[in-house]
Amino acid sequence: MEIIQGFSKLTREEKIEVLLKHNAVSQEMVNKLELFRHHDHNYQKQFEKISENVISNYILPYSIVPNVKINDKIYFVPLVTEESSVVAAASMAAKFWAGRGGFKTKVLSETKIGQIHFTWKGSYDKLIENDDRLKIHLVTSVRHLTQRMYSRGGGLGNIEIISFADKIIDYYQIKVDFNTADAMGANFINSCLEQMSKALVDFINNNFSGEETFCEIIMSILSNYTPECIVECAVECNKTELLPMTGGLSLENYIKKFETAVQIAQMDVYRAVTHNKGIFNGIDAVLIATGNDFRAVEACGHAYASRTGQYTSLSCCENSATDFRFILKVPMAIGTVGGTTRVHPIAGFSLEILNNPSAAGLMEIAAAVGMANHFAAITALITKGIQKGHMKMHLSQILVHLQANENEVKQAVGYFADKEISFNAASEYLSLLRLQSL
């Protein structure tokens with residue numbers, strides 16, 4: 001097949017013609033894709049500006065979780081996810097904890113990291129001797145970029161020169177701390193780092209001689225690992241208040257199994273990954289709804305779970321003789337201004353529904369929903385099992401796939417209320433139902 005040249009420069013119609021010509025799509029597919037474009041031309045143009053080579057829109061459900069009580073304030077939280085059980089689990093747990101004090105959250109720190117990676121022929125000691133002068137030079141070089149950020153309460157923090165010459169010949173790094181206020185800050189951080197890189201080369205050229213003037217910038221970019229941009233979320237109640245969650249277990253056995261489930265995730269990587277995934281089911285859905293980079297947050301979270309050298313649980317239990325306390329601590333570099341958060345209209349609506357929180361406020365909301373999903377998932381696992389509830393929620397997707405009409409859906413839901421659900425079982429039931437109606 002020929003290499004396509006200049007595809008991004010083509011109009012949407014021309015892109016579709018290329019796809020049709022190469023049999024990548026059929027005319028029937030093109031007609032269906034057209035149905036998912038927004039009827040409002042201005043909105044559609046706005047969506048198309050967000051990404052590249054856009055030919056249609058991919059639609060996911062936009063759901064609301066009510067009763068999310070965080071630090072004594074109630075929220076309706078928007079979630080974007082294709083998994084109905086995530087919304088159901090968050091809703092159930094949020095309602096349960098709303099009557100028991102809700103989620104107690106706090107942002108522990110908001111520091112983000114940027115790095116200048118470079119090679120240099122000189123000695124680390126000489127760099128350290130010039131440490132103060134170099135840092136002043138670097139800060140001065142980005143003053144025109146940082147002025148507005150300082151006015152919003154952000155800006156530059158600590159600057160550290162690190163040698164990795166023992167691992168890679170002549171390799172050094174400048175690590176810069178940033179506070180980006182309510183912005184996620186990727187563009188701000190990267191712009192500062194690139195300007196600082198030029199200032200670093202300039203400083204070395206003007207302060208050293210011979211081969212020590214040779215400084216090559218490898219790359220300058222933020223790190224998505226933000227172990228000092230942390231939010232903590234906790235739920236707490238008297239142990240007797242957990243009785244509605246026990247699912248037929250004794251209260252003592254429920255609490256013991258819950259604690260053991262968390263302990264297993266703290267020592268077994270196979271369980272820990274799935275354990276933490278349950279947390280990100282909720283966090284990701286909030287971040288997608290608000291136009292944030294859930295991929296960066298997940299990558300950071302999993303790295304943070306490995307910070308001791310062993311991948312482990314992001315949550316822990318701290319129970320006393322009378323009280324149950326469940327705690328989640330997770331890194332989360334997100335924003336509520338700039339980027340997709342304001343370009344995507346529904347991301348903007350989401351922030352309005354949440355009363356336009358600060359970045360720290362959104363960290364707390366996302367962590368609370370992550371905790372809600374997490375608590376519900378563990379409870380399901382140690383009581384009735386995960387599949388019963390999951391497949392009950394999944395039935396609606398199966399029925400959509402099988403093109404069931406409204407009456408068939410109603411009958412199928414009633415029929416499977418006390419039966420095991422599978423795609424084959426639902427298909428056979430619908431086939432029988434349709435035969436009976438002939």
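Values in this text are rule-based calculations from the coordinates and carry no lab data. Just so it is clear, the structure is predicted and the values come from calculations on it, not from any experiment. A quick note on method: Cβ atoms are made from the backbone with ideal geometry, for glycine too, and the neighbour counts reach across all protein chains shown.
Per-structure values
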| item | result |
| --- | --- |
| Positive-end residue of 184, 196, 163, charge dipole of the range 112-223 with Cβ unit charges | 184 |
| Distance between the range 91-118 and the range 138-184 - C-alpha centres, whole angstrom | 25 |
| Range of Cα positions in the range 7-50 per principal axis (Å), largest first | 30, 24, 13 |
| Cα centroid separation - the range 201-279 against the range 311-326, whole Å | 15 |
| Ellipticity estimate at 222 nm from DSSP helix runs (n ≥ 4, -39,500 (n - 2.57)) divided over the chain, nearest 500 | -15500 deg cm²/dmol |
| Sparse-neighbourhood loop sites, trypsin sites (Lys or Arg not before Pro) in the range 127-168 - DSSP loop, at most 12 other Cβ within 10 angstrom | 167 |
| Relative packing of peptides 374-381, 56-63 - highest average C-beta neighbours within 10 Å first | 374-381, 56-63 |
| Prolate/oblate/rounded call for the chain, Cα gyration tensor, a/c under 1.5 rounded | oblate |
| Length gained when the stretch residue 41-residue 320 is fully extended (0.36 nm per residue, less Cα-Cα span) | 94.6 nm |
| Quotient of Cα Rg and 2.2 N^0.38 Å for the range 94-142, N being how many residues it contains | 2.33 |
| Whole-Å distance, taken between Cα centres, linking the range 15-44 and the range 45-75 | 23 |
| Length-normalised contact order for the range 319-419 - Cα pairs under 8 Å, 6+ apart - percent | 18 |
| Shape of the range 112-223, Cα gyration tensor, a/c cut at 1.5 | prolate |
| Debye, to nearest 20: dipole size of the chain, +1 on Lys, Arg Cβ, -1 on Asp, Glu Cβ | 900 |
| Of 46, 263, 173, the one that fluctuates the most in a GNM where the chain has Cα springs shorter than 10 Å | 46 |
| Dimensionless Rg/Rh of the range 1-121 - Kirkwood Rh, Rg from C-alpha atoms | 1.18 |
| Cα shape, the range 391-436, gyration tensor, a/c 1.5 rule | rounded |
| Around residue 299: net Lys/Arg minus Asp/Glu count, Cβ-Cβ under 15 Å | +1 |
| Gaussian network model of the chain, Cα within-10 Å springs - most flexible of 75, 311, 171 | 171 |
| Straight-distance crosslink candidates among aspartates and glutamates, where the alpha carbon sits under 17 Å from residue 15 and sequence neighbours closer than 8 are dropped | 2, 28, 34, 48, 52 |
| Out-of-range pairs (alpha-carbon distance over 22 Å; input 69/256; 175/198; 9/49; 73/112; 69/329) | 69/256; 73/112 |
| Net charge of Cβ neighbours under 11 Å - reference residue 157; Lys, Arg +1; Asp, Glu -1 | -2 |
| Amide H contacts under 5 Å for residue 79, placed H, 5+ residues apart | 63, 64, 65 |
| Residue of 416, 103, 188 that the Gaussian network model of the chain assigns the largest fluctuation, springs spanning Cα pairs under 10 Å | 416 |
